[in-house]
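Novice: Below are the structure tokens for one structure; questions will follow.
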Amino acid sequence: MSCSADLAPLLGNSTDAANYICDKFTDSNYAINNTYLLFSAYLVFAMQLGFAMLCAGAVRRKNAINIMMTNVMDAATGAISYYLFGFAFAFGQPSNAFIGKYFFALSNVPNEEAAFDYPNFMYQWAFAIAAAGIASGSIAERTRFTAYIIYSFFLTGFVYPVLSHWYWSPFGWASASRTSGPLLFKSGVIDFAGSGVVHMVGGIAGFWGAFIEGPRIGRFGDPKDRPKGHNTALLVLGTFLLWFGWYGFNPGSFLIINKTYGASGSFYGQWSAVGRTAVTTTLAGSAAGLTTLLAKKMQTGVWGLADVCNGVLGGFAAITSGCSVVEPWAAIICGICSAGVLIGFNMLAEKFQYDDPLEAAQLHGGCGAWGILFTSLFAKKEFVYEVYGASSKGRPYGLFMGGGGRLLGAHIIAILVNAAWASITMAPLFLVLHKLGLLRVTREHEIEGVDKTHHEGEVYHHGTTDDDFQVELTQKSAARRSTTVGAAEV
């Protein structure tokens with residue numbers, strides 16, 4: 001029954017009164033859900049600050065301005081490209097199974113039929129620039145600024161939107177919420193918040209950029225001279241800011257919060273699932289951080305702060321796919337295994353002399369792929385039905401939870417497709433930039449530092465250099481001693 005039909009008998013069969021009250025409830029529902037989505041968008045956008053601080057701390061002082069500027073440009077460039085093209089390619093409808101065809105430059109938005117309003121754009125834009133931010137870490141310290149702008153515009157305006165259309169649009173061929181055709185393997189791909197859509201595409205894009213550029217000067221030379229991050233405090237600050245933002249990234253991906261899973265007035269509803277998603281996110285990141293810390297201690301003999309920070313982020317990247325459909329205990333398993341994935345890929349990178357200053361390809365690409373696989377093994381039947389609606393009853397769920405192998409098959413296809421799509425789009429772009437001499441800075445500029453040669457100078461600028469300041473202090477101290485000696489003689 002409808003709202004007005006339920007209310008009318010309680011109001012003396014006054015249909016007008018019932019309609020009026022129900023309209024007010026509808027208005028409030030839209031306001032609550034849009035406010036929730038906007039708040040989540042702000043949290044995800046705050047992750048850009050986390051990326052900026054993490055990257056600045058992980059690179060050498062002479063390149064800190066450059067890497068922070070790329071994060072600013074990811075947001076600015078991504079806003080224009082996603083507004084013009086990206087949102088339409090991702091969510092324009094009606095559309096085909098491959099790419100969206102409407103809503104270019106937000107035309108016809110707000111759109112009641114598609115249930116899209118401006119908060120939807122804000123939230124999805126914040127996701128798009130996160131993917132671009134991941135890739136920037138892989139090519140840090142040796143890339144021309146022009147190349148950053150070009151790849152960021154292309155990634156946020158085309159590569160990422162097409163992939164997100166496949167998995168998150170109701171028209172996408174692999175979407176678990178598809179309404180325009182049959183579900184892939186009768187299940188679709190459950191990539192709830194983007195282990196594949198965001199993290200794999202960003203990580204693999206970064207891999208090709210770093211692979212084509214080659215390692216930084218001195219990266220695989222004398223261990224004493226290898227490049228090291230210059231500010232651990234920024235590294236930790238960035239990690240915590242990303243952790244905080246992930247509570248918008250994963251729980252926010254429900255898009256709405258005011259929804260019951262049972263009869264009206266029920267204690268249990270989508271707000272409970274949102275809370276559960278925050279819990280699984282927290283546990284996966286924490287388990288991954290602890291496991292990485294202990295494993296690296298056994299491997300190197302020291303307690304590595306950078307290792308635990310990257311471990312935490314790897315756990316978050318992995319749980320992002322299944323955060324809404326797995327039990328909290330399963331999230332701990334996800335985190336523990338993601339630590340092994342990260343360490344394993346880092347060992348391979350060292351063996352094959354692949355240089356990624358932020359370990360972005362290993363962390364986001366590798367752990368993102370593991371997250372998709374993990375979801376196909378541990379997705380719980382009841383949670384899948386809740387998140388994807390009553391029509392999902394009878395669909396496959398996690399293999400280890402008794403749901404058969406169909407979801408696993410769909411997710412294996414997703415991993416392969418994600419890797420292929422990111423590769424066939426981003427690798428040629430980086431290769432063309434490389435051939436045109438637009439990708440890597442000159443050897444001289446790399447040695448001197450990109451900040452001095454391409455930007456306004458050093459990141460820590462106080463009007464005088466550290467040496468000048470020390471000389472000034474020494475001169476003042478000598479003057480005071482001279483004055484004291486002279487007074488004593490008098």
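Novice: Starting with the highest mean, order 159-168, 419-428 by the number of other Cβ atoms within 10 Å, averaged over the residues of each peptide.
Specialist: Order by mean packing, descending: 159-168, 419-428.
Novice: What number, rounded to the nearest 500 deg cm²/dmol, is the helix-based mean residue ellipticity at 222 nm of the chain, given -39500 (n - 2.57) per DSSP H run of at least four residues and division by all its residues?
Specialist: Calculated mean residue ellipticity at 222 nm is -20500 deg cm²/dmol.
Novice: Give, as a single signed number, the net charge of other residues whose beta carbon lies under 15 Å from the beta carbon of I372, with Lys and Arg counted +1 and Asp and Glu -1.
Specialist: Neighbour charge sum, excluding I372 itself: 0.
Novice: Using a 1.4 angstrom probe and counting only protein chains, how large is the accessible area of M122 in Å², to 10?
Specialist: Solvent-accessible area, nearest 10 Å²: 60 Å².
Novice: Between exposed GluC sites (Glu not before Pro) in the chain, where DSSP calls loop and at most 10 other Cβ atoms lie within 10 Å, what's the longest gap?
Specialist: The answer is 114-455.
Novice: Let me ask something else about it. For an R0 of 25 angstrom, estimate the FRET efficiency from the Cβ-Cβ distance between F240 and I80 and round to the nearest 0.05. Please list the in-between numbers first.
Specialist: Values: r = 30 Å, r/R0 = 1.19.
That gives a FRET efficiency of 0.25.
Novice: Same structure again: Estimate the FRET efficiency between K228 and F352 by the formula 1/(1 + (r/R0)^6), using the beta-carbon distance for r and 22 Å for R0, to the nearest 0.05. Could you put the intermediate results ahead of the total?
Specialist: Working: r = 21 Å, r/R0 = 0.94.
The pair K228/F352 has a calculated efficiency of 0.60.
Novice: Among 80-87, 17-24, 126-133, how do they line up by average Cβ neighbours within 10 Å per residue, starting with the highest? Show your work: numbers first, answer last.
Specialist: On the way: 80-87: 21.4, 17-24: 15.0, 126-133: 28.6.
Highest to lowest by the protection proxy: 126-133, 80-87, 17-24.
Novice: In nm, give the distance between the simple-model label positions of I149 and I447, each being 7 Å from the Cα along the Cα-to-Cβ direction.
Specialist: 2.9
Novice: Let me ask another. If you take mean projected area of the Cα convex hull in nm² from the coordinates, which of (i) 31.4; (ii) 27.3; (iii) 24.8 do you get?
Specialist: (i)
Novice: Can you work out the FRET efficiency for the pair I424 and L11, with r the C-beta to C-beta distance and R0 = 56 Å, to the nearest 0.05?
Specialist: Values: r = 61 Å, r/R0 = 1.09.
After rounding, the FRET efficiency stands at 0.35.
Novice: Of all the Cα-Cα pairs you can form in segment 334-437, what percent are over 17 Å apart?
Specialist: Summing the P(r) of segment 334-437 above 17 Å gives 65 percent of all pairs.
Novice: So what is the accessible area of the chain per residue, in Å², with the probe set to 1.4 Å?
Specialist: 43
Novice: Rounded to the nearest percent, how much of the accessible area of the chain (1.4 Å probe, protein heavy atoms only) is carbon and sulfur? Please list the in-between numbers first.
Specialist: Details: 13910 of 21290 Å².
The value for the chain is 65 percent carbon and sulfur by accessible area.
Novice: Could you state how much accessible area D27 has, in square angstrom rounded to the nearest 10, with a 1.4 Å probe and all protein chains kept in place?
Specialist: Accessible area, nearest 10 Å²: 90 Å².
Novice: Local charge sum around A339 (other residues, Cβ-Cβ under 11 Å, Lys/Arg +1, Asp/Glu -1)? Before the final figure, lay out each step's value.
Specialist: Values: positive: K296; negative: D307.
Net charge around A339: 0.
The values are calculated or read from the model by the stated rules, or taken from the named source; none is laboratory data. A quick note: this is a predicted structure, and the numbers were derived from the prediction, not measured. FYI the Cβ positions are ideal-geometry reconstructions off the backbone, even for glycines, and counts take in every protein chain you see. Please note that ligands, DNA and RNA were not included when accessible areas were found on the heavy atoms of the full protein model with its side chains. Shrake-Rupley method; radii C 1.70, N 1.55, O 1.52, S 1.80 Å.
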